[in-house]
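Report on one structure; see the data block that follows.
The values are calculated or read from the model by the stated rules, or taken from the named source; none is laboratory data. Small disclaimer: the values here were computed from a predicted structure and weren't measured. Positions of Cβ are generated from backbone atoms using ideal geometry, with glycine treated the same way; all protein chains shown enter the neighbour counts.
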Amino acid sequence: MPFEFTHLPIKDLVLVKPQVFGDNRGGFAETYKYSEFAANGVPERFVQDNWSRSAKDVLRGVHYQVYPKAQGKLMSVARGEIYDVAIDLRDDSPTYLKWYGVNLSDENRLMLYVPPGFGHGFCVLSDSADVTYKVTSEYDPSLEMGFAWNDPAIGIEWPVKSPTLSGRDQQLPPWQEAKRTFAYKESIAGRP
C-alpha cells in the first residue's frame, strides 16, 4: 500500500503518510489514489485542486464552506512547513468544537484529510510555504464562512502570537456569531 492512514482522535479526521520512493535522481510518491483512500475511510471524490504561497507567520483561517457545497480538504505542503488545524463544527458530534493541529512539511510529506463540516486554518512556520490541497466541492464565495483565528471559545494553540492576517480574516466574527449549518451524520460517523 502506498499510504499509511492514521484515524485521529476527532472522528473522520485522517492523517495520511504517502510512501516516498527515492534514489540518486530524487523521489516519487503517489499523493492520492481513490481506491486506497476509500478503503481507508475517505470515500469522497475531489473536484478541485488549489495552491497558495504564504510568507512566514501568515495565518489563513479559520475558514469553511457551508452546505450545499461544504468542502472536505486534503491538505499537503509542496515546499516549506505549516501548522495545520481542523476544528469539528458538526452539531451533536461527540467531538464538537474540538480541534487538532499538526505540522505538515515538504520533509515529513504528511497530508491531513479535513472532512466537510470542519473549520480549517494554517499558519506558516518556514520562511515561506507552498500549500496544495484538493477539495470535495467547488469553491463558492457565497457559501464561504469563517470565524476569528484566536477565539477563546475554541482555544486553538497557534505557534505564532502575532500572525499576519488578510483584511477579511481580521474582520471574522467569533464562533458564536458565525454562520453554522453543519450536522453530525451517523452515516459519516460509522466510517472506520
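Restricting the stretch 153-186 to residues that are in contact with a Phe, Trp or Tyr (Cβ under 7 Å, 6 or more places away or on another chain) and among the small types (Gly, Ala, Ser) leaves a set whose member that is farthest from residue 69 (Cα to Cα) is 153. Any residue in the stretch 10-19 that is within 22 Å of residue 165 (Cα to Cα) and either part of a strand (DSSP E or B) or in contact (Cβ under 8 Å) with a residue 60 or more places away in the chain (or both)? No: the stretch 10-19 contains no residue that is within 22 Å of residue 165 (Cα to Cα) and either part of a strand (DSSP E or B) or in contact (Cβ under 8 Å) with a residue 60 or more places away in the chain (or both). Out of the stretch 42-63, which residues are surrounded by 15 or more Cβ atoms within 10 Å (Cβ to Cβ) and under 28 Å from residue 157 (Cα atoms)? Within the stretch 42-63, 42, 54, 56, 57, 58, 59, 60, 61, 62, 63 meet the criteria. Screening 3, 21 for residues that are surrounded by fewer than 15 Cβ atoms within 10 Å (Cβ to Cβ), more than 16 Å from the chain's Cα centre (by Cα), farther than 26 Å from residue 182 by Cβ and of a type in the set (Phe, Trp, Tyr) leaves exactly one candidate, 21. Every condition in (1) of a type in the set (Gly, Ala, Ser); (2) crowded, with 21+ Cβ neighbours inside 10 Å; (3) not in a strand (DSSP E or B) is met by residue 142 except one, and the failing one is (2). The lone criterion from (1) touching an Asp or Glu at 6+ places or on another chain (Cβ under 9 Å); (2) more than 23 Å from residue 90 (Cα to Cα); (3) without any contact (Cβ under 8 Å) to a residue 12 or more places away in the chain left unmet by residue 35 is number (1). Scanning the stretch 1-41 for residues that are at pLDDT 90 or above and among the β-branched types (Val, Ile, Thr) gives 6, 10, 14, 16, 31.
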